[in-house]
Every structure is written in C-alpha cells, then in structure tokens.
Amino acid sequence: MFKSFKSFKVVRWASLIVLVIGMATSIAITQEAEKKTALIIVDMQNDFAKEGGALYVPSTEGIKPKLKQLIAKAREKGIPIIYTQDWHRKDDVEFKIWPPHTIEGSPGAEVIAEIAPTDKDYTIKKRTYNAFFETDLDMLLRQLGVKRVVITGTVSNICVLNTAGDAALRGYEVVMPHDAIAPLNEFDQQATLREVSFLYKGLITTADHAFDASPEPVKVEPNAKPPELKVASSVELPKDKTALIIVDMQNDFAREGGALYVPGTKETLDSIKDLLKRARSSGAMVVFTQDWHRKDDPEFKIWPPHTLQGTEGAQVIADFEPSEGDYFIKKRTYDAFYGTDMDLLLRQNGIQNVVITGTVSNICVLHTAGKARLHGYNLVVARDGISSLTPFDMDLSLRQMSFLYNGTVADSGHIQFK
C-alpha cells in the first residue's frame with residue numbers, strides 16, 4: 001500500500017511538474033508571440049490630428065479613444081510601440097502637392113499630447129507617405145524580432161496604406177483595426193480596407209481584437225461612390241524626357257488562358273498599341289515591366305504561381321512586338337522600382353515624366369506609379385490603357401494616382417510626345 005501511495009505521489013508530483021512546465025511553456029509561447037507583434041501609430045501629429053493643424057483631419061477625433069486603448073494594452077503586454085512622424089524640410093518637394101506641413105522641429109510635427117510617446121517607445125521620422133522608404137523601420141522591426149504589425153493612425157489611404165503595403169511586401173503580417181485609422185472620406189476608407197485585405201492579405205479587425213492571437217476578422221464590402229475625377233483633355237510631353245511604362249502586359253495576365261488572366265486587358269490593347277506606336281515613332285523611351293518569379297516565390301502564398309522566370313507566361317504579349325530597342329525591367333514584387341534598376345535607368349536617360357499603362361490597376365500599376373512619384377517623376381496615367389479586376393478597384397486606383405500622387409489622368413489619344 002505504501003508502495004502504491006508512494007508511486008501515486010510520484011505520479012502526482014510528476015503530473016504537477018508537467019502541468020507547471022506546460023503552463024510556463026504556454027505563457028512563454030504567448031509572451032513570445034506578443035514580442036513578435038508591434039503597434040505602429042502613423043502620423044498622429046499636431047498638423048494632422050489637432051484642430052487648427054496645417055492639414056487637420058477631423059476624423060482623427062474619433063480614433064483617439066481607440067488609440068489610447070491600444071497603447072495601454074500594448075504597454076501592459078510589453079508590445080513595442082512605434083510612432084511615425086512626417087518630417088519635412090522647408091523646401092520639401094511634397095509641398096508641390098500639399099501645403100507646407102509637419103516641418104521638422106516645429107510644433108506641428110510633434111505627436112499629439114494625448115498619446116505622446118514615452119522614452120520606451122520608438123519614433124521613425126519619414127520624408128514620404130511610406131514609413132519604410134529610406135528609413136530604418138525595417139531594420140528596427142527585424143532587430144525586435146517582429147513578425148506582425150498592427151497599423152493605425154492617419155491618413156488611411158495615404159501614409160497608413162502606403163506603410164501597410166510596404167510592410168506586407170517585406171513579409172510582415174498586417175493587422176489593421178478599421179476603427180483606429182482616420183480617413184478623409186468614406187470612399188478612401190473603403191479603398192484602404194479593400195487594398196489591405198485583398199491585395200496584401202492583411203487582416204481587418206477592431207481595436208478590441210487587434211492583439212488577439214487570432215483576431216476576429218471584419219468583412220470588407222466596398223460600395224462607396226468615388227470623388228469626382230479630373231481628366232485632362234490634352235497632355236503634351238517632351239519626347240526626350242518622357243518614358244512610356246507598360247506594366248506587366250505578359251502572357252500570364254494578358255492572354256486568355258494565362259495563369260492569372262485579367263479579362264479587362266483585352267479592352268486596353270488598342271489604346272496601348274496606339275500609344276506605343278506614337279512613343280516609338282517620336283523617339284520616346286519605352287519600358288516594359290515583367291513580373292519575374294522564382295518557383296518558390298513567397299508571393300505564391302497570396303496568389304497561385306504565375307510569370308515564372310524564363311517561361312512563356314512571363315513574356316510580354318506578342319501584340320506589342322517588343323524589340324531590342326525597348327527596355328525591360330524584371331521585378332519580384334508589385335512595385336517595379338523595388339529592388340530593380342528602374343530609377344537608375346530613368347535617370348541615366350534624363351527622364352522626368354512617366355506615362356503609365358498596363359495591368360493590374362490597383363496592384364502593379366498603382367504601386368509602380370506611386371513609387372515613380374515618390375522618386376520625383378511627373379506622373380501621367382492613360383486611363384483607357386489600364387485594366388482592373390473590378391470597377392471599384394479601377395476607381396480607387398485612379399483616385400490614388402490623381403489625388404494622392406498628383407498625377408495627370410487622360411485618355412491615351414490625348415497624350416502626345418513632342
């Protein structure tokens with residue numbers, strides 16, 4: 001009996017030890033998961049989020065309670081908090097698009113007092129919409145071991161979306177609490193949620209669930225009417241300073257039966273061919289971008305395999321008769337400037353203006369157009385030369401390229417190379 005009791009005690013204590021170790025392991029795993037998350041608060045500065053600021057966004061008032069809630073929970077859980085700040089010089093090129101704002105060192109550039117960072121938080125100062133562009137944000141996140149970013153702040157379709165998109169393209173899991181981002185209007189809010197959920201496979205949720213291990217998703221159903229679009233009746237561009245960029249018109253996208261065929265490409269062929277003919281005859285530069293993926297490309301976690309390097313599906317469609325006189329940029333992501341020599345190529349050829357056509361409107365077209373603008377090129381969009389998956393995606397693309405990047409939208413027949 002004593003032996004049995006002793007054995008029972010051993011088993012009981014062994015079980016208890018296992019239970020304690022299991023609990024400790026569970027806690028450790030939970031803490032480790034939390035350490036891999038970071039809260040990013042985008043541009044909640046006086047010029048944007050305080051009444052009277054240079055570019056005050058009234059909807060920021062509605063998200064302040066949610067941000068306070070998220071900050072308190074992040075600090076309680078030991079989750080790093082990163083604030084981004086627009087931080088411009090007095091002669092910043094962005095002031096050709098917007099009135100002067102968030103001048104470096106000015107009160108307008110400081111984070112609002114209600115959610116001001118502490119010494120334990122991190123701050124990233126940025127010159128453009130994208131908090132990753134020419135900053136050390138990526139390095140900081142990697143040093144912290146972050147895998148998931150919860151992105152909040154303002155303005156939803158500008159700095160919030162650009163930062164979220166780049167985070168996703170760099171391999172971070174994106175979580176966006178829709179009640180903690182501030183827009184200028186409902187269309188821009190819906191466009192942001194559409195891009196993050198569809199394009200970047202980010203998770204849309206609420207502030208209440210943002211730090212959950214498996215956040216409860218919110219379904220995105222965009223239906224808002226877009227703001228009025230201004231369309232130019234005539235655009236004249238100097239041929240020696242202009243490049244026509246034809247985005248991803250490859251067999252896998254633009255030929256029926258392709259791996260990711262976009263039916264709308266068929267309607268753009270005549271417009272692009274006509275524009276291409278006039279660009280070539282004038283001597284303007286012609287650049288084709290090509291999605292160019294390895295067999296194990298991480299993008300195939302989002303999309304089915306497509307445009308594998310060296311395959312027929314990755315080649316530019318024969319309709320355009322690509323030749324040795326054209327230039328070709330092979331890219332691994334949506335953005336034809338990311339990790340390529342696109343910017344170097346354009347600068348070496350004295351290019352100041354880019355005309356954008358191709359597919360898909362809110363994916364590679366928009367990303368390439370946006371980065372062209374952030375690199376300082378004047379942007380012209382041939383709207384009848386870009387194709388989309390849905391009418392809403394087309395609307396949001398034209399809205400972003402015209403409003404956000406100050407691009408000129410025109411029909412291809414109205415664009416002349418002089």
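Of Glu228, Glu221, Glu236, Glu216, which residue is over 19 Å from the mean Cα position of the chain (by Cα) and part of a strand (DSSP E or B)? Before you say what the answer is, go through the steps one by one.
Working: Glu228 fails: part of a strand (DSSP E or B); Glu221 fails: part of a strand (DSSP E or B); Glu216 fails: part of a strand (DSSP E or B).
One residue alone meets the criteria, Glu236.
Residues are listed down the side, and each one gets a yes or a no for (1) more than 25 Å from Asp384 (Cα to Cα); (2) without any contact (Cβ under 8 Å) to a residue 60 or more places away in the chain:
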{"position": "Gly310", "(1), (2)": "yes, yes"}
{"position": "Val316", "(1), (2)": "no, no"}
{"position": "Glu321", "(1), (2)": "no, yes"}
{"position": "Asp326", "(1), (2)": "no, yes"}
{"position": "Arg332", "(1), (2)": "yes, yes"}
{"position": "Phe337", "(1), (2)": "no, yes"}
{"position": "Thr340", "(1), (2)": "yes, yes"}
{"position": "Asp343", "(1), (2)": "yes, yes"}
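Taking the options Asp270, Asp274, Asp240, name whichever one is surrounded by fewer than 17 Cβ atoms within 10 Å (Cβ to Cβ), free of Cβ contacts under 8 Å to residues at least 12 places away in the same chain and out of contact with any Leu (no Cβ under 8 Å at 6 or more places or on another chain). If you could, list the steps in order and put the result at the bottom.
Working: Asp274 fails: free of Cβ contacts under 8 Å to residues at least 12 places away in the same chain; Asp240 fails: free of Cβ contacts under 8 Å to residues at least 12 places away in the same chain.
Every option except Asp270 fails the conditions.
Is one or more of the residues making up the stretch 219-228 basic (Lys, Arg) and touching a residue at least 40 places away in the same chain (Cβ under 8 Å)? I'd like the intermediate steps shown before the answer.
To start, the set of residues in the stretch 219-228 that are basic (Lys, Arg) comprises 219, 225.
Imposing the further condition that a residue be touching a residue at least 40 places away in the same chain (Cβ under 8 Å) reduces the set to none.
No, the stretch 219-228 has no match at all.
The rows are residues; the columns are (1) under 21 Å from Lys266 (Cβ atoms); (2) in contact (Cβ under 8 Å) with a residue 60 or more places away in the chain; (3) surrounded by fewer than 21 Cβ atoms within 10 Å (Cβ to Cβ).
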residue: Ala369; (1), (2), (3): no, no, no
residue: Thr390; (1), (2), (3): yes, no, yes
residue: Asp395; (1), (2), (3): yes, yes, no
residue: Lys418; (1), (2), (3): no, yes, yes
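Identify, from the list Phe132, Phe95, the residue that is without any contact (Cβ under 8 Å) to a residue 40 or more places away in the chain and surrounded by 15 or more Cβ atoms within 10 Å (Cβ to Cβ). Lay out the reasoning, then the answer.
Values: Phe95 fails: surrounded by 15 or more Cβ atoms within 10 Å (Cβ to Cβ).
That would be Phe132, the only listed residue that is without any contact (Cβ under 8 Å) to a residue 40 or more places away in the chain and surrounded by 15 or more Cβ atoms within 10 Å (Cβ to Cβ).
Report yes if some residue within the stretch 105-121 is surrounded by fewer than 16 Cβ atoms within 10 Å (Cβ to Cβ), part of a strand (DSSP E or B) and on the phi < 0 side of the Ramachandran plot; otherwise report no.
The answer is no, given that none of the residues of the stretch 105-121 is surrounded by fewer than 16 Cβ atoms within 10 Å (Cβ to Cβ), part of a strand (DSSP E or B) and on the phi < 0 side of the Ramachandran plot.
At least 2 residues that are modelled with pLDDT under 95, outside the structural domain of Asn162 (by TED's automatic domain parsing) and more than 28 Å from Gly145 (Cα to Cα) in each: list the helices (runs of 4 or more DSSP H) lying fully within the stretch 1-79 that qualify. Walk me through it before giving the result.
Details: elements: 2-35, 46-49, 60-77.
Counting at least 2 such residues, we get 2-35.
Every residue in the stretch 66-92 that is within 22 Å of the chain's Cα centre (by Cα), more than 19 Å from Leu141 (Cβ to Cβ) and touching a residue at least 60 places away in the same chain (Cβ under 8 Å), please.
Leu67, Asp86
Among the residues of the stretch 145-174, how many are of a type in the set (A, V, I, L, M) and assigned to a loop (DSSP other than H, G, I, E, B)?
Step one: filter the stretch 145-174 for residues of a type in the set (A, V, I, L, M), giving 146, 149-151, 155, 158, 160-161, 164, 167-169, 174.
Restricting the remaining residues to those that are assigned to a loop (DSSP other than H, G, I, E, B) gives 146, 155.
Qualifying residue count for the region: 2.
Are any of the residues in the stretch 106-122 of a type in the set (S, T, N, Q) and more than 27 Å from Val146 (Cα to Cα)?
If we filter the stretch 106-122 for residues that are of a type in the set (S, T, N, Q), which is where we start, we get 106, 118.
Filter once more, keeping what is more than 27 Å from Val146 (Cα to Cα): 106.
Yes, that holds for at least one residue.
Quick check on Asp341: is it crowded, with 20+ Cβ neighbours inside 10 Å and farther than 18 Å from Leu276 by Cα? Can you show your working first?
Details: crowded, with 20+ Cβ neighbours inside 10 Å: no; farther than 18 Å from Leu276 by Cα: yes.
Spelling it out, it is not the case that Asp341 is crowded, with 20+ Cβ neighbours inside 10 Å and farther than 18 Å from Leu276 by Cα.
Is it fair to say Asp136 is at pLDDT 95 or above, among the charged types (D, E, K, R), on the phi < 0 side of the Ramachandran plot and within 20 Å of the chain's Cα centre (by Cα)? Talk me through it step by step, then tell me what you get.
Values: at pLDDT 95 or above: yes; among the charged types (D, E, K, R): yes; on the phi < 0 side of the Ramachandran plot: yes; within 20 Å of the chain's Cα centre (by Cα): yes.
Yes: the conditions hold for Asp136.
Within the stretch 312-328, how many residues turn out to be over 18 Å from Arg280 (Cα atoms) and either hydrophobic (A, V, I, L, M, F, W, C) or in a helix (DSSP H, G or I) (or both)? Break it down into steps so the answer makes sense when it comes.
Initially, the stretch 312-328 is screened for residues over 18 Å from Arg280 (Cα atoms), giving 312-315.
In the following step, the residues that additionally are either hydrophobic (A, V, I, L, M, F, W, C) or in a helix (DSSP H, G or I) (or both) were identified as 312-314.
Within the stretch 312-328, residues that are over 18 Å from Arg280 (Cα atoms) and either hydrophobic (A, V, I, L, M, F, W, C) or in a helix (DSSP H, G or I) (or both) number 3.
Quick check: anything in the stretch 204-223 out of contact with any Asp or Glu (no Cβ under 7 Å at 6 or more places or on another chain) and buried (at least 23 other Cβ atoms within 10 Å of the Cβ)?
Applying the first criterion (out of contact with any Asp or Glu (no Cβ under 7 Å at 6 or more places or on another chain)) to the stretch 204-223 yields 204, 208, 210-223.
Keeping just the survivors that are buried (at least 23 other Cβ atoms within 10 Å of the Cβ) gives 210.
Checked against the condition, which is being out of contact with any Asp or Glu (no Cβ under 7 Å at 6 or more places or on another chain) and buried (at least 23 other Cβ atoms within 10 Å of the Cβ), the stretch 204-223 yields at least one hit.
Test Ile82 against the criterion of being assigned to a helix (DSSP H, G or I), in the same structural domain as Lys66 (by TED's automatic domain parsing) and either more than 26 Å from Asp208 (Cα to Cα) or modelled with pLDDT of 95 or more (or both), and give yes or no. Even if it seems obvious, please write down each step before you answer.
Working: assigned to a helix (DSSP H, G or I): no; in the same structural domain as Lys66 (by TED's automatic domain parsing): yes; either more than 26 Å from Asp208 (Cα to Cα) or modelled with pLDDT of 95 or more (or both): yes.
Answer is no for this residue.
Please go through the stretch 359-417 and pick out each residue that is in a loop (DSSP other than H, G, I, E, B) and of a type outside the set (Gly, Ala, Ser). Explain how you work it out, then say what you get.
Pass one, the stretch 359-417, residues in a loop (DSSP other than H, G, I, E, B): 359-360, 375-377, 387-390, 405-407, 411.
Listed by number, the residues that qualify are Thr359, Val360, His375, Tyr377, Leu389, Thr390, Tyr405, Asn406, Asp411.
Any chance the stretch 287-303 includes a residue that's part of a loop (DSSP other than H, G, I, E, B), surrounded by fewer than 19 Cβ atoms within 10 Å (Cβ to Cβ) and either assigned by TED's automatic domain parsing to the domain that holds Gly165 or hydrophobic (A, V, I, L, M, F, W, C) (or both)?
Kept after step one, since they are part of a loop (DSSP other than H, G, I, E, B), are these residues of the stretch 287-303: 292, 294-297, 302-303.
Those still in the list that are surrounded by fewer than 19 Cβ atoms within 10 Å (Cβ to Cβ) too: 294-296, 302-303.
Checking which are either assigned by TED's automatic domain parsing to the domain that holds Gly165 or hydrophobic (A, V, I, L, M, F, W, C) (or both) leaves us with 302-303.
Yes, because at least one residue in the stretch 287-303 is part of a loop (DSSP other than H, G, I, E, B), surrounded by fewer than 19 Cβ atoms within 10 Å (Cβ to Cβ) and either assigned by TED's automatic domain parsing to the domain that holds Gly165 or hydrophobic (A, V, I, L, M, F, W, C) (or both).
Of the conditions (1) in contact (Cβ under 8 Å) with a residue 12 or more places away in the chain; (2) outside the structural domain of His178 (by TED's automatic domain parsing); (3) not aromatic (Phe, Trp, Tyr), Leu193 clears all except one; give me its number.
Among (1) in contact (Cβ under 8 Å) with a residue 12 or more places away in the chain; (2) outside the structural domain of His178 (by TED's automatic domain parsing); (3) not aromatic (Phe, Trp, Tyr), the lone unmet condition for Leu193 is (2).
The values are calculated or read from the model by the stated rules, or taken from the named source; none is laboratory data. Here the structure is a predicted model, which is why all the values come from computation and not from measurement. Neighbour counts run over all protein chains shown; Cβ positions are idealised from the backbone, glycine included.
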